[in-house]
Amino acid sequence: QVQLVESGGGLVQAGGSLRLSCAASDRTFTSYVMGWFRQAPGKEREFVAAISWSAGSTYYADSVKGRFTISRDNAKNTVYLQMNGLKPEDTAVYYCAASSWFLSGKMSEYGYWGQGTQVTVSS
């Protein structure tokens, strides 16, 4: 069972950047599709980005396309989310998740989740 630990969250001004990291405990990390999701106060959790096991394919929510970049380093069992051009509406708890299915933004297909890291963007 893979365990996921996010880091890199914090407080940033609008227009700034942050890079989130998610470290996986399991050597089978390379077999998982990895995704990032977020949940703002009072809102449902939503898909942000996903990356295939080989990093050959990525998928983004329209709201972050062109601003966020997902990547992974299989040698380090780590997936990243580079966030540029941050907006106040990006404020949320960001969760890393692992899926044994195909590249997707469906939460139900992700069986493993981290505890989340807070990102706050001030205006």
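Taking the highest mean first, how do the peptides 25-38, 110-123 order by number of other beta carbon atoms within 10 angstrom per residue?
So the peptides 25-38, 110-123, ranked by packing, come out 25-38, 110-123.
Give me the percent relative contact order of the range 1-116, please, defined on Cα pairs under 8 angstrom at least 6 residues apart.
34 percent
Mind checking the log10 I(q)/I(0) for the range 1-118 at q = 0.17, 0.19, 0.22 Å⁻¹? Debye, one equal scatterer per Cα, no solvent, two decimals.
The computed values of log10 I(q)/I(0) come out as -0.74, -0.94, -1.28.
Which net charge results for the neighbourhood of A55, defined as the other residues with beta-carbon distances under 15 angstrom from its beta-carbon, given Lys and Arg at +1 and Asp and Glu at -1?
Combined, the nearby Lys, Arg, Asp and Glu give +1.
Of all accessible surface on the chain at a 1.4 Å probe, what whole percent is carbon and sulfur?
For the chain, the apolar C and S fraction of the accessible surface comes to 48 percent.
Taking the Cα centre of the chain as origin and charging only Cβ (+1 Lys, Arg; -1 Asp, Glu), how large is the dipole, in debye to the nearest 20?
Approximately 140 debye in magnitude.
State the volume of the convex hull built on the alpha-carbon positions of the range 1-55, expressed per residue in Å³ and rounded to an integer.
Measuring per residue, one finds 115 Å³ for the Cα hull of the range 1-55.
Net charge near N77, counting Lys/Arg +1 and Asp/Glu -1 over other residues with Cβ under 14 Å of its Cβ?
0
The values are calculated or read from the model by the stated rules, or taken from the named source; none is laboratory data. This structure is a prediction, so every number in the text was calculated from the model and none was measured. Reconstructed Cβ throughout: ideal geometry from the backbone, glycine too, with neighbour counts over all protein chains shown. To get the accessible areas, we keep the full protein, side chains included, count just its heavy atoms, and leave off ligands, DNA and RNA. Shrake-Rupley method; radii C 1.70, N 1.55, O 1.52, S 1.80 Å.
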